[in-house]
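Accompanying notes for the structure given below.
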Amino acid sequence: MIYRFDNRFVIEGKQIAYVFDVDDRGRLVHQYLGDRLHETDYIELPDRRVLHSSFETPDGVAAYEFVSFGDLVYTEPTLKSHTATERLHAFTFQDARIGHDTLELDLVDSIQQVTVTLHFTVYPAYDIIERKMTVQAGTDVTLESAQSFSLGLTERNLRLSHFSGAWTGEFQLQQGELLPGKKTIESRRGLTSHQSNPWFALDDAATEQHGEVIYGFLGHSGNWAIHFERDQFGFTQVTGGLNTFDFAKRLASGDVFTTPAAYIGYTQLGFGAMSRNAHDFERDVIMPERTRETLRPVLYNSWEATYFDVSEDGQKRLVDEAAAIGCELFVVDDGWFGERNSDAAGLGDWHVNKTKFPNGLEPLIRYVEDKGLQFGLWVEPEMVNPDSNLYRSHPDWIYHTNGRPSTTSRNQFVLNLALPEVEAHVTHLLDDLLENHAIRYIKWDMNRAFSEPDSPHLGDAKELWLRHTEAVYRILDTLRDRHPDVAFESCAGGGGRIDLGVLSRVEQVWTSDNTDALDRLEIQEGFSYAYNAKMMSCWVTDAPNWLNARALPLNYRFVSAMQGTLGIGGNLLEWSKEDLAASKRWIETYKSIRPLVQHGTSYRLASLKKEGFHAMGYTDGEDYVALVNADRRHYGNNKLRLKLAGLDPDRVYLYEGRRLSGRYLMQQGITLTQQIDYDAYCLVIHPA
């Protein structure tokens with residue numbers, strides 16, 4: 001619901017209330033973000049501005065919903081642009097349009113003839129507000145900064161939560177006090193990045209179950225930045241959107257540009273409720289509409305089994321084993337195309353390798369389908385090897401600058417998708433691949449960041465960062481429209497491209513190249529703060545694991561991987577009969593609980609760092625499953641006490657023949673006896 005009281009605007013959800021004013025100079029001044037109040041209370045909220053000195057704005061220091069460059073305000077501007085003759089702005093509020101759950105505010109710049117529209121859409125069921133900005137040029141103008149949102153906060157003591165990481169170590173949760181000064185999380189790498197992620201949370205001593213949490217997402221897969229600026233008066237300005245580093249966007253008179261969407265959420269019930277609201281919102285609103293209600297299949301991926309040694313006969317042998325244990329989707333990874341016998345050649349040549357597949361992919365695809373599985377394929381369409389027919393034909397199709405050597409990483413260059421002819425070429429190749437083969441799944445990978453960010457034929461090369469991401473989105477949108485039966489997975493060397501922008505276009509994401517089940521628990525726990533389990537691809541792979549040489553029990557590897565969309569990635573030809581039989585049983589178990597994991601409500605029950613074991617709970621309001629991974633045993637202690645969450649306290653449940661109330665299971669819990677180091681459990685609980 002949206003209200004207006006004279007110059008005060010109120011946006012309400014189920015719990016959230018978001019309030020700001022239009023002041024006498026036409027600026028948008030933040031007043032309140034918190035729990036929903038009585039309608040008349042919003043009129044009584046005090047003005048938060050602080051009068052101070054001639055070194056600050058004469059109307060008082062404040063927090064803002066839009067910051068105009070040139071004022072006596074020194075936080076990140078929401079918009080900064082220039083024309084051939086002007087570089088400052090004089091924005092004033094012009095108009096507001098209110099719908100039931102939407103608000104649009106027009107601000108007009110009398111100097112550069114720019115009209116800005118701020119868009120607010122509230123999703124009441126999730127207490128999330130979508131923010132974005134539209135810029136319309138009245139003359140030729142170049143944008144230097146166009147932010148998706150500016151969020152002014154008046155809370156004095158805030159703790160910031162965000163992610164850091166690296167390849168094979170993504171989604172490491174970082175938490176610390178937000179001190180006076182500026183903190184920025186960002187990517188300048190051309191993709192979302194492993195190092196950081198466009199999600200944040202702000203709280204004041206919240207716990208998993210209690211306390212206010214303000215949180216946000218940015219839906220963009222290229223260069224992005226979110227700035228947190230706390231001043232000496234207790235105001236905090238949060239500004240997020242396209243990274244202004246090396247950025248430009250030119251608009252001719254009459255052109256319109258809309259920023260990527262951002263999403264701001266609020267809860268009073270701690271980090272657990274924050275995550276559950278976000279998970280529901282992602283499943284119900286963000287993820288591709290056609291497949292939102294479809295359970296994700298158990299997949300087999302051949303990468304760790306064969307690497308580049310791909311052949312029709314070898315893949316068929318793996319198909320036999322994958323089908324026998326209950327997999328539903330078979331994905332051929334890297335090595336099927338071009339002269340691809342290592343990572344040094346073939347990228348860009350998306351035609352079937354006739355030595356490995358003499359009759360093309362069709363015999364293998366028919367074999368897969370005859371076994372009752374769907375067929376999937378790995379591609380890396382944004383890249384090219386120097387040793388490829390594509391590069392030899394079009395060496396100018398990569399990001400480069402004349403007179404400087406181009407840097408290879410993983411023996412490859414980044415294709416210049418900012419050029420229309422390159423985007424058209426990639427679109428045609430992928431469209432042709434899908435048109436001529438019964439492919440039902442595409443794993444889209446990207447295995448290096450940008451370097452030499454220049455494009456001699458583009459005009460202003462500062463536009464390439466945004467143009468590349470927009471091209472990726474257009475290609476995905478085109479392929480989804482032309483091939484509606486194909487599902488897509490986003491991968492960038494693991495978790496390097498995960499954000500709400502790409503998640504609106506893909507069914508799932510490859511969370512990390514790290515398939516060690518113990519490491520994965522921490523990565524997956526961090527992931528769960530922001531993103532839901534259905535999106536998260538998780539594999540059971542060989543022991544010892546390729547990365548850490550750690551040999552974990554098979555049940556431990558399965559229980560870890562069952563906390564998302566289950567996949568198998570080991571060399572099944574080398575698994576024992578006992579392990580294959582056990583795998584079949586575990587896959588049957590996963591399929592029985594899959595609706596709870598992928599579509600249910602999730603609870604973080606225990607963390608390795610805090611409780612010494614890891615546990616996640618999932619429920620649909622009736623049935624309940626807890627997935628538990630123990631650590632090593634210490635000092636003779638082999639007991640784990642697991643307290644559940646999310647049950648009806650007054651309802652009776654059945655667990656291993658015992659009748660226990662929800663209150664008992666949440667307060668007293670379940671005691672497990674750990675038989676071996678790295679034991680694991682799948683606990684299923686039903687209403688009596």
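Quick look at the values:
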item	result
Every residue from segment 294-318 that is in contact with a Phe, Trp or Tyr (Cβ under 6 Å, 6 or more places away or on another chain) and either in a helix (DSSP H, G or I) or over 21 Å from N514 (Cα atoms) (or both)	V310, E312, K316
Index of the failed condition, R250 passing every other in (1) surrounded by fewer than 17 Cβ atoms within 10 Å (Cβ to Cβ); (2) basic (K, R); (3) within 30 Å of D387 (Cβ to Cβ)	(3)
Residue within segment 170-191 that is at pLDDT 95 or above, part of a loop (DSSP other than H, G, I, E, B) and hydroxyl-bearing (S, T, Y) present	no
Matching residues, segment 646-662, being free of Cβ contacts under 8 Å to residues at least 12 places away in the same chain and either farther than 22 Å from V597 by Cα or in contact with a Pro (Cβ under 8 Å, 6 or more places away or on another chain) (or both)	G657, R658, L660
Index of the failed condition, W303 passing every other in (1) farther than 21 Å from F330 by Cα; (2) touching an Asp or Glu at 6+ places or on another chain (Cβ under 6 Å); (3) not assigned by TED's automatic domain parsing to the domain that holds A205	(1)
Number of the exception - I129 against (1) at pLDDT 95 or above; (2) touching a Gly at 6+ places or on another chain (Cβ under 6 Å); (3) part of a strand (DSSP E or B)	(2)
Residues being assigned to a strand (DSSP E or B), touching a residue at least 60 places away in the same chain (Cβ under 8 Å) and more than 18 Å from A561 (Cα to Cα) - total across segment 669-688	3
Candidates R604, R594, R557, filtered to the one that is outside any loop (DSSP other than H, G, I, E, B) and either closer than 15 Å to G326 by Cβ or among the aliphatic types (A, V, I, L, M) (or both)	R594
Selected residue (criterion: modelled with the lowest pLDDT) from residues of segment 71-85 that are surrounded by fewer than 15 Cβ atoms within 10 Å (Cβ to Cβ) and farther than 14 Å from F235 by Cα	L72
Segment 604-629 residues that are within 19 Å of Y531 (Cβ to Cβ) and free of Cβ contacts under 8 Å to residues at least 24 places away in the same chain, paired with ones that are buried (at least 23 other Cβ atoms within 10 Å of the Cβ) and among the hydroxyl-bearing types (S, T, Y) (beta carbon under 6 Å, 6 or more apart)	none
Scan of segment 651-665 for residues that are farther than 20 Å from S602 by Cα and part of a loop (DSSP other than H, G, I, E, B), ordered by number	E656, G657
Of the criteria (1) touching a Leu at 6+ places or on another chain (Cβ under 6 Å); (2) closer than 29 Å to S193 by Cβ, which one N223 fails	(1)
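The values are calculated or read from the model by the stated rules, or taken from the named source; none is laboratory data. What you are looking at is a predicted structure, and each value in this text was computed from that prediction instead of being measured. Heads up, the Cβs are rebuilt from the backbone with ideal geometry, glycines too, and the neighbour counts pull from every protein chain shown.
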